[in-house]
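Have a look at the structure below, then the notes.
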Amino acid sequence: MGETRSEAGDLAREIPAAYGRLVATRRELVAATDALSDHERRAKVENADTLLEAKNERTAALYLEGILDTPEHAELLSAKRRAELAHYEARLEVERIELLVRLLEAASRA
């Protein structure tokens, strides 16, 4: 019985640590996505002149559509990703608390 409580205590300490690592990884993913979007945008701008010179108007027009997004649009996309991250973290916190409650209930029954 004491061993079960000890295992439950170990799990209760490990759950927040695992969720913390998961949250940190998710934040890194959002930051990397933002950096990749910025890099892609810069690459499109750098290649736009070449496309226009190629006189392939359809390809150039389609390509330019992606770079003519306003800074406000880029900020909205970034804000959306941050909001999605906050929502994800809130869901994780609820799941973490539910796991801890179930673990403590099981330990109290043992």
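The values are calculated or read from the model by the stated rules, or taken from the named source; none is laboratory data. Source: prediction; values computed, not measured. Counting neighbours? That spans all protein chains shown, and the Cβs are built from the backbone with ideal geometry, glycine included.
Side notes on the structure shown:
- Whichever residue in the range 31-44 is surrounded by 13 or more Cβ atoms within 10 Å (Cβ to Cβ) and farther than 19 Å from Y88 by Cβ and, among such residues, is modelled with the lowest pLDDT: K44
- Only a single criterion out of (1) at pLDDT 85 or above; (2) within 30 Å of L104 (Cβ to Cβ); (3) among the acidic types (D, E) is not satisfied by E28, namely (2).
- When residues in the range 74-89 are screened for being among the hydrophobic types (A, V, I, L, M, F, W, C) and at pLDDT below 85, 4 of them pass.
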